[in-house]
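Here the structure is laid out as structure tokens; the discussion comes afterwards.
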Amino acid sequence: MKTIGMIGGMSWESTVPYYRIVNETVKERLGGLHSAKLVLISVDFQEIERLQQADAWDDAGRIMAEAAKSLRAAGADFLVLCTNTMHKVAYAIESAVDIPLLHIADPTAEEIKRLGMKKVGLLGTRFTMEQDFYRGRLSDRHDLEVVVPNEVDRATVHAVIYEELCQGKVLADSRTQYQRIIQRLVESGAEAIILGCTEISMLIGPQDAPVPVFDTASIHARKAVEWALSVTTPNPALHTDMQQAARPCAGTLTL
């Protein structure tokens, strides 16, 4: 079994399920008293959030790169970044170490395509919904058509994540708002909904949408176990083609 290196704490509320799902999946696969081999570094999200709001992505990338180096030194065979938004600086992580990063968007896209779906609705932070580092990967690498909420609804989705879910608050009124926003995405042709923030599954589940819901955190964690139990180690060279494409960009989508 390979050792998983996890960068968490963004927020810790969603890092906890990562640890649980990874170990539950290992137990399901191997039985007995088996559990996952992993090392975890958890950052201070207050510091990261401040850099996000200041558009200081290079500084945030350096923090992620240092975390990756620490995990590599601790024996990690590959890396899992337990957040969607911070994949904006995936290039910094991939450039810092010689082990691969399991990008959160890829296993989610693979699951969607396996079910024959082509058009998806994306919920997440405003960075994830509006900027190309995530949407572009889904469309360019995986040939998925991505739709996002309108500007007002994007603000609602973003605020609930930072002001409530990241602080452990799960409110019924916010669930109702998300259900309404999901319905609008479905009316726009979305065949599935991507929960593109690892905290959203605290609020929204399959019962809250008329189409399939894809929980990126759960899918990501299960794929990490698949990598950990694989015979060969994934080749980091397969990921380098995205390093330049993943660099921070200022472009946004206005609806």
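The table that follows gives values for the structure above.
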read-out	value
Any hit, the range 205-217, residues being assigned to a helix (DSSP H, G or I) and over 30 Å from SER35 (Cβ atoms)	yes
Hits in the range 152-183 (condition: of a type in the set (D, E, K, R) and surrounded by 15 or more Cβ atoms within 10 Å (Cβ to Cβ))	ASP153, ARG154, GLU164, ARG175
Filter result for the condition that a residue is under 16 Å from the mean Cα position of the chain (by Cα) and of a type outside the set (Ser, Thr, Tyr), over ARG126, ARG154, ARG175	ARG126
Residue satisfying condition, being of a type in the set (D, E, K, R) and under 26 Å from SER201 (Cα atoms), within set ARG62, ARG50, ARG72	ARG50
Residue in the range 29-37 that is under 15 Å from the mean Cα position of the chain (by Cα) and free of Cβ contacts under 8 Å to residues at least 24 places away in the same chain present	no
Failed item in (1) crowded, with 20+ Cβ neighbours inside 10 Å; (2) of a type in the set (A, V, I, L, M); (3) touching a helix residue (DSSP H, G or I) at 6+ places or on another chain (Cβ under 9 Å), with VAL39 passing the rest	(1)
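One line per residue, one yes/no per condition, for (1) under 16 Å from the mean Cα position of the chain (by Cα); (2) in contact (Cβ under 8 Å) with a residue 12 or more places away in the chain:
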position: ALA190; (1), (2): no, yes
position: ILE193; (1), (2): yes, yes
position: THR198; (1), (2): yes, yes
position: GLN207; (1), (2): no, no
position: PHE214; (1), (2): yes, yes
position: ARG222; (1), (2): yes, yes
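Every number here is computed from the coordinates shown, using simple stated rules; none is lab data. Since this is a predicted model, take the numbers as computed values, not measurements. Quick reminder, even Gly has a Cβ in these numbers, built from the backbone with ideal geometry, and neighbours come from all protein chains shown.
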